[in-house]
Amino acid sequence: MKRLLPSPWLSLGLLGGWLLLTRTFSLGQLLLGVLVAVVMPLLMAPLRPRPGPLRHWGVLARLILRVGGHVVRSALIVAAGVLRAKKRPPHGSFVTVPLDLRDEHGLAALAMITAVIPGTVWSELAPDRSALLIHVFDLDDEAAFIHHFKADYEWPLKEIFE
């Protein structure tokens, strides 16, 4: 069964998406949808990355809660910065964060976290994965930001993936 459907949830999603896009449940569309749902995951299987090693599920749960809290807090801070921009313009800056994290799954998770936190933009990863360039919306203390970034995001991801 695993050889025919390497990703059953993906196949189910493809079938559902196909039927929703065609807006009909005729036999022909159902058969075409099943064909797409079976063939596409088989063709794309070589492109799928290997599963990541997840360790320390408790750390992962705390990280998810922390990121959720930071999203809300950062959204409020960015909104306040935009509203007071005429009185005190934000001091946007690029920050180079040295990285200890090397795992590709951990780096991907770090990229998603950086993208979802308002006020931060992942700009560039060094070719040797030793440093990350981030643009910060309003930066007062670069050293404090680097410490906060590493302690809140990189170190938990390192514990989870390495």
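Here are the numbers for this structure:
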| read-out | value |
| --- | --- |
| Single residue of Leu12, Leu5, Leu60 found to be touching a residue at least 12 places away in the same chain (Cβ under 8 Å) and in contact with a Ser or Thr (Cβ under 7 Å, 6 or more places away or on another chain) | Leu5 |
| Boolean, Leu42 is in contact with a Pro (Cβ under 8 Å, 6 or more places away or on another chain) and assigned to a helix (DSSP H, G or I) | yes |
| Condition check for Gly81: outside any helix (DSSP H, G or I), within 30 Å of Thr114 (Cα to Cα), of a type in the set (Gly, Ala, Ser) and touching a residue at least 40 places away in the same chain (Cβ under 8 Å) | no |
| Some residue of region 47-59 being part of a helix (DSSP H, G or I), at pLDDT 90 or above and in contact with a Pro (Cβ under 8 Å, 6 or more places away or on another chain) | yes |
| Residue in region 61-69 that is part of a helix (DSSP H, G or I) and touching a Leu at 6+ places or on another chain (Cβ under 9 Å) present | yes |
| Criterion: at pLDDT below 95 and aromatic (Phe, Trp, Tyr) - qualifying residue of Phe94, Phe25 | Phe25 |
| Condition check for Leu125: hydrophobic (A, V, I, L, M, F, W, C) and either buried (at least 17 other Cβ atoms within 10 Å of the Cβ) or outside the structural domain of Leu157 (by TED's automatic domain parsing) (or both) | no |
| Lone qualifier among Ser93, Ser26, Ser7, Ser74 - being touching a Leu at 6+ places or on another chain (Cβ under 8 Å) and polar (S, T, N, Q) | Ser93 |
| Test: residue in region 48-61 that is aromatic (Phe, Trp, Tyr), within 25 Å of the chain's Cα centre (by Cα) and surrounded by 13 or more Cβ atoms within 10 Å (Cβ to Cβ) | no |
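The values are calculated or read from the model by the stated rules, or taken from the named source; none is laboratory data. None of the values given here were measured: they were computed from a predicted structure. Neighbour counts are summed over all protein chains in view; Cβ atoms, including those assigned to glycine, are modelled from backbone coordinates with ideal geometry.
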